[in-house]
Amino acid sequence: FSVMEATDAYLDRIERFNPELNAYITVTRESAQAQAVDIDNRIRKGELTGAMAGVPYALKDLFCSEGVRTTCASNMLSNFISPYDAHVAEKLKAAGGVLLGKNNMDEFAMGSSNETSAFGNVRNPWDTTKVPGGSSGGGAATIAARLAPMTLGTDTGGSIRQPASFCNITGIKPTYGRISRYGMIAFASSLDQCGPMAPSAEDCAITLNVIAGLDSRDSTSVDLPVPDYTANLNDSIEGLRIGLPKEFFAEGLDVQVGAVIDRAIKQFQAKGAIIKEVTLPNSHLAVPVYYVVAPAECSSNLSRFDGVRFGHRCENPKDLLDLYERSRWEGFGDEVKRRIMIGTYALSAGYYDAYYLKAQQVRRLIKQDFEAAFKDVDVIMGPSCPTTAFGIGAKKDDPIAMYLEDLYTIPVSLAGLPGMTFPIGFATDGLPVGMQLVGNYFEEARMLNIAHQYQ
Ligand code: GLN
């Protein structure tokens with residue numbers, strides 16, 4: 001079948017299911033159809049080959065896409081049309097992908113439930129009274145409901161892995177620096193990393209082949225060869241040493257989630273993997289460290305939204321200060337404001353050493369815990385999150401409960417390690433559970449192989 005037929009099939013599903021799920025903020029119907037015609041022609045002429053040619057996809061709405069509204073799910077950017085493409089958007093376009101639209105998310109990627117979006121919450125396709133997770137919740141719902149075969153999310157403290165777990169899909173956050181952040185609207189620059197979300201590890205591998213690699217426009221992007229991520233999917237995992245961090249199986253983990261995780265670990269054992277217990281003794285400090293580092297960086301990054309250059313501008317400002325204050329007050333939602341205030345405080349003279357510097361020191365200890373663990377094991381496994389998808393509204397007014405969602409994902413982000421979630425089954429409440437897999441630096445190919453072997 002043609003690219004046009006595939007594109008139309010997805011556009012029809014979006015039209016049917018998006019009104020209820022709210023997984024897309026913007027659907028680029030006309031440009032997708034125009035792209036499909038062009039790609040069909042180029043494929044026919046033999047000008048375009050490769051696994052991504054003709055594949056429809058979506059993007060989280062924080063990737064700048066040329067000529068398309070890019071909102072970050074914020075009133076601040078509700079009318080922002082990007083004049084350029086993010087690095088990854090450029091790559092997918094050049095590989096012949098067809099952009100279907102932009103996925104809903106938590107505002108500026110701050111959240112774990114997709115409820116902080118200025119464009120309304122997203123519903124979990126498995127149970128529409130539940131959240132899809134966040135912040136890449138629109139993307140996870142999109143893949144689960146087959147409103148696109150692939151999308152890109154971002155993960156700062158768990159935003160690919162947690163929604164992937166809630167929606168029964170596969171998502172990978174590669175090593176920090178593996179993929180360029182150019183054109184990805186920044187939240188916390190030392191943590192932000194983008195990655196694919198799709199039904200399977202193989203789909204993620206195909207996408208990574210296109211988007212990974214050095215880009216001179218992001219000084220933290222790493223100059224290492226990009227392997228073919230699909231090449232080793234079928235390798236045997238016999239003898240693989242899997243570490244289970246004892247801190248991830250302690251108090252806080254829901255028993256039904258634990259039971260599904262145990263079952264999956266036994267399956268790996270049956271395939272010849274060796275299970276060992278490891279310890280990450282500082283992991284309980286990860287959430288507090290993250291909530292100093294991430295807000296500090298966000299307070300700095302979001303200072304560019306001042307109502308002058310782009311984004312929302314208030315009506316009739318009295319003077320420049322009034323313009324800044326009211327534009328930001330009106331443009332940002334509550335969670336974003338909370339983080340900007342915490343971050344500004346933590347970076348203030350007199351507090352910097354006590355909070356930010358201290359947090360950076362503990363961050364180093366967390367990284368060293370992983371380095372020690374990887375001396376004994378090849379990969380680490382455990383739950384992606386402590387619970388299955390929770391009810392819409394259940395944690396909305398309790399930021400601390402919401403922050404604890406990322407108990408198991410944040411340590412990995414602070415260490416800059418690659419982490420992924422893949423589906424392993426359903427808990428007794430009927431909701432999906434994902435396994436978190438953590439690899440050593442730049443071991444994404446091995447991780448995809450392991451996830452692929454589970455299926
Ligand atoms: N839930 C975490 C937060 O609110 C992580 C978000 C993310 O990874 N973008 O910051």
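Every number here is computed from the coordinates shown, using simple stated rules; none is lab data. This structure is a prediction, so every number in the text was calculated from the model and none was measured. Heads up, the Cβs are rebuilt from the backbone with ideal geometry, glycines too, and the neighbour counts pull from every protein chain shown.
For Phe1 and Asp235, a Förster radius of 41 Å and the Cβ-Cβ distance give a FRET efficiency of 0.80, rounded to the nearest 0.05.
Residue order for Thr175, Thr70, Thr207, Thr49, fewest other beta carbons within 10 angstrom first, comes to Thr49, Thr175, Thr70, Thr207. Spatial offset of the range 416-455 relative to the range 330-378 amounts to 25 Å, using the alpha carbon center of each. I'd like the distance separating the alpha-carbon centroids of the range 12-77 and the range 139-179, in whole Å. Answer, in whole Å: 17. Looking at the chain, the DSSP beta bridges with both ends there are about 65 percent antiparallel. Across the range 160-169, rounded Karplus estimates of 3J(HN,Hα) from the backbone phi angles (6.51 cos²θ - 1.76 cosθ + 1.60, θ = phi - 60°) give 9, 6, 5, x, 4, 5, 5, 10, 6, 10 Hz, Gly and Pro being marked x. Sort out for me the Cα centre separation of the range 299-314 from the range 216-279, rounded to whole Å. Using only Cα atoms, the two centres lie 40 Å from each other. Per-residue Cβ neighbour counts within 10 Å put Tyr176, Tyr182, Tyr351 in the sequence Tyr351, Tyr182, Tyr176, beginning with the fewest. When you filter the GluC sites (Glu not before Pro) in the range 169-263 for DSSP loop state and at most 16 other Cβ atoms inside 10 Å of their Cβ, you are left with Glu238, Glu251. Can you show me the helix-derived [θ] at 222 nm for the chain, built from DSSP H runs with n ≥ 4 at -39,500 (n - 2.57) apiece and divided by the number of residues, rounded to the nearest 500. Helix contribution divided over all residues of the chain: -11000 deg cm²/dmol.
Let me make sure I get this right: for the range 354-408, a, b and c are the square roots of the gyration tensor eigenvalues over alpha carbons, sorted descending. Under 1.5 in a/c it's rounded, otherwise prolate if a/b > b/c, else oblate. Which is it?
Here the range 354-408 falls in the oblate category.
Note on Asp429 and Lys318: the model spin-label points, each 7 Å out from Cα along the C-beta direction, lie 4.9 nm apart.
Loop-located trypsin sites (Lys or Arg not before Pro) across the range 173-241 with a Cβ neighbour count of 13 or fewer within 10 Å are Arg217, with loop assigned by DSSP.
As a proxy for reagent exposure, Tyr356, Tyr10 were ordered by neighbouring Cβ count within 10 angstrom, fewest first; the result is Tyr356, Tyr10.
Compared with the direct C-alpha span, the chain from Lys246 to Arg217 gains 6.4 nm at full extension, assuming 0.36 nm per residue. The residues neighbouring Tyr84, those whose beta-carbon lies less than 10 Å from its own, together hold a net charge of -3 under the Lys/Arg +1, Asp/Glu -1 convention. Just the number, please: percent antiparallel of the DSSP beta bridges in the range 3-211, rounded to the nearest 5. Here the share of antiparallel DSSP bridges comes out near 65 percent. Seen through its C-alpha gyration tensor, with square-root eigenvalues sorted a ≥ b ≥ c, the range 3-211 comes out rounded because a/c lies under 1.5. Taking every C-alpha pair closer than 8 Å and separated by at least 6 residues, the mean separation divided by the residue count of the range 3-211 gives a relative contact order of 21 percent. Residue-wise HN-Hα couplings along the range 416-423, as the Karplus relation 6.51 cos²θ - 1.76 cosθ + 1.60 with θ = phi - 60° gives them from phi, are x, 7, x, x, 9, 10, 9, x Hz; Gly and Pro carry x. For the range 33-43, backbone phi angles converted through the Karplus equation (6.51, -1.76, 1.60; θ = phi - 60°) give residue-by-residue couplings of 5, 5, 4, 4, 4, 4, 5, 3, 4, 5, 5 Hz, Gly and Pro being listed as x.
Amide H to amide H distances under 5 Å link Met105 with Gly138, where only residues 5 or more positions off or on other chains count and H is placed in the peptide plane.
Between the DSSP loop rule and a limit of at most 11 other Cβ atoms within 10 Å, which trypsin sites (Lys or Arg not before Pro) in the range 278-372 are left?
When the trypsin sites (Lys or Arg not before Pro) of the range 278-372 are filtered for loop state and at most 11 Cβ neighbours within 10 Å, Arg309, Lys318 remain.
Residues whose amide H comes within less than 5 Å of that of Gly425, counting only those at least five positions distant or on another chain, are Val433 (H built at 1.01 Å from N in the peptide plane).
If R0 is taken as 25 Å, the Cβ-Cβ distance between Arg304 and Ser190 corresponds to a FRET efficiency of 0.90. The length gained on full extension between Gln360 and Leu224, counted as 0.36 nm times the residue separation minus their Cα-Cα distance, comes to 46.4 nm.
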